[in-house]
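Step one of this worksheet: look at the structure below.
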Amino acid sequence: MIYSTQQKIQNTLTRGVDEIIGKEELEKALNSEKKLRIKLGIDPTSSNIHLGRSIPLLKLRDFQDLGHKAILIVGDFTGTIGDTSDKDSERPMLSNKQIKENLKTYKKQIAKIIDISKAEFYFNSKWLKKLNFSEIGELASFFSINQFISRELISKRLKEGKRVSLHETLYPLMQGYDSLKIKADVELGGTDQRFNMLSGRDIQKHFKTKEQSIITTPIIEGLDGRKMSSSWGNTINFNDSPDEMFGKVMSMKDELIIKYFELLTRVSYEAIEIYKKNILKNPRDVKLDLAETITKQYHNETKAYEARETWKRVFSEKKTPLEIPKTHIKVEESLVTILQKNQVISSKTEFSRLIDQGAIKILENDTEIKVTDKNFIVRQTTIFKIGKKKFFRIIK
C-alpha cells in the first residue's frame, strides 16, 4: 500500500503510540520542511536486544522514512547505574567490562531496523563522565524527592520497605542531560520512561533551548504474558536464529497475535483488519503468518519461509527437521558433556532438569525413547530431541 506524506505522518503519530507530549508543536514541525532530531536511548543491560525494544526503534525508523535524523544514544554510562523505572527492585550496577561485552553487537542488531548509515550514534559517557559536583547539583535542583518517590514502582518499593538507592534518583537527570547535549527535538521511549523523558524538557527549558516533544510507546508482553524482559527470560531476541524466533512466536498466547502485528511489524492496517477476521476462524494460520513476518524482518524472506516449513514439519507433521545440527565424536562420551560442549545446553543442572522432565529423547524411526540415565553414554550415531524445539545429531 502506498501512503501519502500526510498519511505517513498520521501513522507515525498514532501507530505504536501511547501518548504525545508537545503534540501541537510536533505536528506543526512535521508539516513544515524542518528536519527534526529524534532521540532514542538504549542501555546495554543485556547482550541481546529483544522485540520489546523494537517498538520505539520501529517508531524511530518511521521518522527516518519521513526524512528526519535518528539519534541513537547508547547508555554506556547510565547503564552502569541502571534505570529502575520498570523494576520492582534495585537494579544491580553493571561493571564497565560487562557494558563493553554487551555492546559488542548492539550496532549490528539495531541495524536490522534502523538505517545506521543515516543515523547519529553516541555513547553518553562522552559528556556524563565529565560532569562535576557543581554541575550535577545544578541539574538536581530542578527536581524534588517528592517527584521521584511519587512514581508508582518507587512508591511501592518504599511501602514494602525495599531499598531505594540515592544513585537511582540521578538517572532521570542523566537521561534528561542527554537530550540537552544532542539537541533533541523529539524523544522516544516506553511508557515507563515518561518521568525520565520529561526531565529532558525541564533541563532544556532551564538552559533556554527548545523543549523536546515526547512520544511514549506501549509495553509488549513476552512469551509468558508478563512484560517482555531480559531478566525474566521471556524474550524474543533480534539475534535468535530463524527457527528459534519462529518457534517462540508460535509458542506465545493467541490473544497477543494482533497486538504483535500492530506494534512489532509494519504490516499495513488493511492487512491487519483481514487478520482480525481470519483469526476468528483459524488463529494458527494467522500466527504462522505473524511468525514468518517477524522472522523475515530480522533475517530474510528465504530463511523465514524455511523456518515456517521446518515448524510445520516438526510440530504439525511430527517429523524431524530436514537439517539437524550435528557433531562428530571419535570415542564414547557422556551425553551431558557433548551437549554442553556444543552449547545445546548451558549447564549440567539444565541437563539434569531436562532428564527429570523426560524432555530428552532418542529418535528411532517414528519412535521417541526417553533418556532417563543422567550418565548416559553415547556409543553410536544417534538423533536426540531436547525439549520441544531442539534436535541434535551425534555421529560416531
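The values are calculated or read from the model by the stated rules, or taken from the named source; none is laboratory data. None of these values were measured; they are calculated from a predicted model. Please note: Cβ atoms are built from the backbone with ideal geometry, for glycine as well, and neighbour counts cover all protein chains shown.
Structure values in brief
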{"quantity": "Tally of residues being of a type in the set (Asp, Glu) and either in the same structural domain as Asp62 (by TED's automatic domain parsing) or more than 21 Å from Thr217 (Cα to Cα) (or both) across the range 234-266", "calculated": "4"}
{"quantity": "Inter-residue pairs, beta-carbon under 7 Å, first closer than 20 Å to Asp240 by Cα and in the range 332-353, second among the β-branched types (Val, Ile, Thr), 6+ apart", "calculated": "Leu339/Ile345; Asn342/Thr327; Val344/Ile386"}
{"quantity": "Residues of the range 158-204 satisfying the condition of being among the small types (Gly, Ala, Ser) and under 22 Å from Leu26 (Cβ atoms)", "calculated": "Gly176, Ser179, Ala184, Gly189, Gly190, Ser199, Gly200"}
{"quantity": "Given (1) loosely packed, with under 15 Cβ neighbours inside 10 Å; (2) part of a loop (DSSP other than H, G, I, E, B), index of the condition Val267 fails", "calculated": "(1)"}
{"quantity": "Selection from the range 210-262 of residues that are farther than 16 Å from Asn48 by Cβ and part of a loop (DSSP other than H, G, I, E, B)", "calculated": "Lys210, Glu211, Gln212, Pro218, Ile219, Asp224, Gly225, Arg226, Met252, Lys253"}
{"quantity": "Residues of the range 28-45 satisfying the condition of being in contact with a strand residue (DSSP E or B) (Cβ under 9 Å, 6 or more places away or on another chain) and surrounded by fewer than 16 Cβ atoms within 10 Å (Cβ to Cβ)", "calculated": "Lys35"}
{"quantity": "So Thr372, is it in contact with a helix residue (DSSP H, G or I) (Cβ under 6 Å, 6 or more places away or on another chain), of a type in the set (S, T, N, Q) and outside the structural domain of Asp115 (by TED's automatic domain parsing)", "calculated": "no"}
{"quantity": "The range 28-43, residues that are free of Cβ contacts under 8 Å to residues at least 60 places away in the same chain and aliphatic (A, V, I, L, M)", "calculated": "Leu30"}
{"quantity": "Helices (runs of 4 or more DSSP H) lying entirely in the range 289-383 (those with 2 or more residues that are loosely packed, with under 14 Cβ neighbours inside 10 Å)", "calculated": "301-311, 348-356"}
{"quantity": "Identity of the residue in the range 150-199, acidic (Asp, Glu), surrounded by fewer than 20 Cβ atoms within 10 Å (Cβ to Cβ) and farther than 30 Å from Arg61 by Cα, that ends up modelled with the highest pLDDT", "calculated": "Glu160"}
{"quantity": "Residue count, the range 20-56 (criterion: more than 21 Å from Met174 (Cα to Cα) and aliphatic (A, V, I, L, M))", "calculated": "8"}
{"quantity": "Candidate set: the range 1-23, residues that are modelled with pLDDT under 95 and loosely packed, with under 14 Cβ neighbours inside 10 Å; chosen: the one nearest to Arg266 (Cα to Cα)", "calculated": "Met1"}
{"quantity": "Residues of the range 297-327 satisfying the condition of being closer than 26 Å to Asp373 by Cβ and modelled with pLDDT of 90 or more", "calculated": "Thr327"}
{"quantity": "Residues (surrounded by fewer than 20 Cβ atoms within 10 Å (Cβ to Cβ) and part of a helix (DSSP H, G or I)) located in the range 276-288", "calculated": "Lys276, Lys277, Asn278, Pro283, Arg284, Asp285, Leu288"}
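Okay, residues lined up against (1) among the aliphatic types (A, V, I, L, M); (2) free of Cβ contacts under 8 Å to residues at least 12 places away in the same chain; (3) not in a loop (DSSP other than H, G, I, E, B):
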residue: Phe121; (1), (2), (3): no, no, yes
residue: Gly137; (1), (2), (3): no, yes, yes
residue: Phe143; (1), (2), (3): no, no, no
residue: Arg157; (1), (2), (3): no, no, yes
residue: Glu168; (1), (2), (3): no, no, yes
residue: Pro172; (1), (2), (3): no, no, yes
